[in-house]
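J.: The structure's right below; bear with me while I get my questions together.
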Amino acid sequence: MTYCVAMCLEKGLVFLSDSRTNAGVDHINTFRKMHVWQRPGERVVVMLTSGNLSVSQSIVNIVSERLALTDSANLFNAPNMFEVARHVGDVVREVHRRDADALRDFGVEFNASLIVGGQIYGETPRLFNIYAAGNFIEATEDTPYIQIGESKYGKPIIDRVLRYGSALSDAAKCALVSMDSTIRSNLSVGLPLDLCVVERDALSVKSHLSIDQDHAYYMQIRGQWGERLRDAFAELPNPDWL
């Protein structure tokens with residue numbers, strides 16, 4: 001399983017993904033689920049992947065290979081982020097046409113869920129959730145984040161904290177707390193993490209970090225968050241009927 005979250009805010013975008021894949025409790029591996037393509041000053045596109053690893057790797061490889069084909073649609077000639085999302089959706093459908101029947105014959109579901117976000121010169125940052133059918137939805141100011149994978153454990157903190165006007169630093173902190181809540185509750189999600197921040201109108205990646213168990217900041221907020229939760233719980237009044 002996996003957990004990925006991305007946030008599209010007034011001041012830019014934040015992306016966070018884990019790297020654990022598993023095919024049973026005795027077969028756990030690490031694969032990166034964040035992929036970045038950029039032409040600094042012109043555009044930056046980030047993709048997060050969840051689902052069947054063979055499917056998601058096929059999608060990423062085809063998207064990357066198409067960059068060399070100037071006579072067909074690709075990430076670098078798309079006029080806007082909507083067309084980027086539509087191009088990725090077309091690639092998802094292409095992989096489905098090629099592989100879905102063969103996978104079904106072996107009892108394997110065609111399963112892929114993607115987050116694609118970024119900014120192209122001349123428009124604001126945008127963020128999309130692309131489904132296995134190749135269709136997609138876009139994040140809005142009212143709902144400025146998208147999750148894929150094992151999302152239920154990390155959702156409550158995002159709903160309580162994140163706003164469209166949140167600072168990128170607060171959004172990154174919120175994403176990391178959300179990820180930590182998921183890791184604590186689900187063994188199929190794990191370190192290392194990939195964290196990417198894209199400032200609005202910079203048209204390039206501001207920071208791209210790999211976070212493991214030795215990362216000082218992550219371990220600090222992981223410990224403090226647990227302590228503060230216990231303190232806040234202890235301060236709540238007990239039920240008066242007991």
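Here, each number is a calculation from the coordinates, and none is a lab measurement. Keep in mind it's a predicted model, so treat the numbers as computed, not measured. So basically every Cβ, Gly included, is an ideal-geometry build from the backbone, and we count neighbours across all protein chains shown.
J.: GNM, the chain, Cα, under 10 Å: largest mean-square fluctuation among 227, 109, 94?
T.: 227
J.: Take the alpha carbon gyration tensor of the range 93-227, find the square roots of its eigenvalues, order them as a ≥ b ≥ c, and report rounded if a/c is under 1.5; if not, report prolate when a/b exceeds b/c, else oblate. Mind showing how you got there, number by number?
T.: Values: a/c = 1.97, a/b = 1.28, b/c = 1.54.
Verdict is oblate for the range 93-227.
J.: For helix 81-105, report the angle its Cα long axis makes with the longest principal axis of the Cα atoms of the chain; keep it between 0 and 90° and round to the nearest 10°.
T.: On a 0 to 90 degree scale, this one is about 90.
J.: Which of 69, 16, 209 moves the most in a Gaussian network model of the chain with Cα springs under 10 Å?
T.: Comparing 69, 16, 209 in a Gaussian network model of the chain, the most mobile one is 69.
J.: Next up: Counting other Cβ atoms within 10 Å, which trypsin sites (Lys or Arg not before Pro) in the range 2-105 have at most 15 and lie in a DSSP loop? Present the calculation step by step, with values, prior to reporting the outcome.
T.: Details: sites: 11, 20, 32, 33, 43, 66, 86, 93, 97, 98, 104; in loops: 11, 32, 33.
Loop-located and lightly packed - 32.
J.: I've got another one for you. Between (1) 1.11; (2) 0.97; (3) 1.06, which matches Cα Rg over 2.2 N^0.38 Å calculated for the structure shown?
T.: (3)
J.: Cβ under 10 Å from residue 52's Cβ, residue 52 left aside: what net charge do those residues give with Lys, Arg +1 and Asp, Glu -1?
T.: On the way: positive: none; negative: 99, 109.
Summing Lys and Arg as +1 and Asp and Glu as -1 gives -2.
J.: With angles folded into 0 to 90 degrees, how steeply does helix 168-185 sit against the dominant principal axis of the chain? Use alpha carbons for both and round to 10.
T.: Rounded to the nearest ten degrees, it is 80.
J.: Still on this structure, I have one more. Have a look at 195, 162, 67 and tell me which one the Gaussian network model of the chain (Cα, springs below 10 Å) gives the largest fluctuation.
T.: Checking each option, the largest mean-square fluctuation is seen for 67.
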